[in-house]
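First up is the structure itself, then whatever we jot down about it.
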Amino acid sequence: MDLMAKSGTTTQGLRAAIERSGYYPALVAEAVEAAVGGEPVSSYVVHQETTFDSNEVRRHVTVLVLTDNRFIVSHTDEQAADAGSPSPYATTSTESVKLGSISSVVLSRVVANPESYTPGQLPREVVLTIGWGAVSRIDLEPAACGDPNCDSDHGYTGNSTADDLSLRVSEAGDGPETVRQTLLFAQALSEATAATAR
């Protein structure tokens, strides 16, 4: 049964975006479909990233999906043949997060010529960072006092940052539609997490 095709226009748009990415669409769509289940899709982003590793080209696709109750993230990577596998292979994973578990949604915008910015103008690039407590980064450094001659041990100081997912999209690399879709997704996710906090 094809749940994604039957859930409504937004879900059909998600399926079309996965197919347009051209990156193992049957594999990616099946993984996302299994994670979404029968829930209607409120918003989504499909982002393909190509990297160069020595003499190899590697592709990675990230799919973010918002339903009424959950945030779903799917990653798919391709791997070259190696000692463990004589043929190339792909790995795909999905994670489902309750909206109430999301602790932060950070959206950074890069705008060219800010002095002539007009409301509604598309940023040159955006970085969407979402935290839900699965991964945290701790940056520590020795603490110091204001006395330049002090050689006492003042312990450490630092920051703990939720860093579960960071997605960077740019108009030049990904196209204006992907930037626009990321902005819409970030707004929908922010609104959904605010609604669950009430």
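The values are calculated or read from the model by the stated rules, or taken from the named source; none is laboratory data. From a predicted model like this one, the values you see are computed outputs, not experimental measurements. No Cβ is skipped: glycine too gets one built from the backbone with ideal geometry, and neighbour counts run over all protein chains shown. Only protein heavy atoms, including side chains, enter the accessible area calculation; ligands, DNA and RNA are left aside. Shrake-Rupley method; radii C 1.70, N 1.55, O 1.52, S 1.80 Å.
Figures for the structure shown
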item: Relative contact order %, the chain, counting alpha carbon pairs below 8 Å whose residues are six or more apart; result: 16
item: With every protein chain in place, the chain: carbon and sulfur % of accessible area (1.4 Å); result: 49
item: Counting all C-alpha pairs of the chain, share separated by more than 23 Å (%); result: 54
item: Selected from V105, F71, A188, residue furthest toward positive end of dipole (the chain; charges at beta carbon); result: A188
item: Whole-Å semi-axes of region 62-157's equivalent ellipsoid (Cα gyration tensor); result: 36, 28, 19
item: 1.4 Å probe accessible area per residue over the chain, in Å²; result: 58
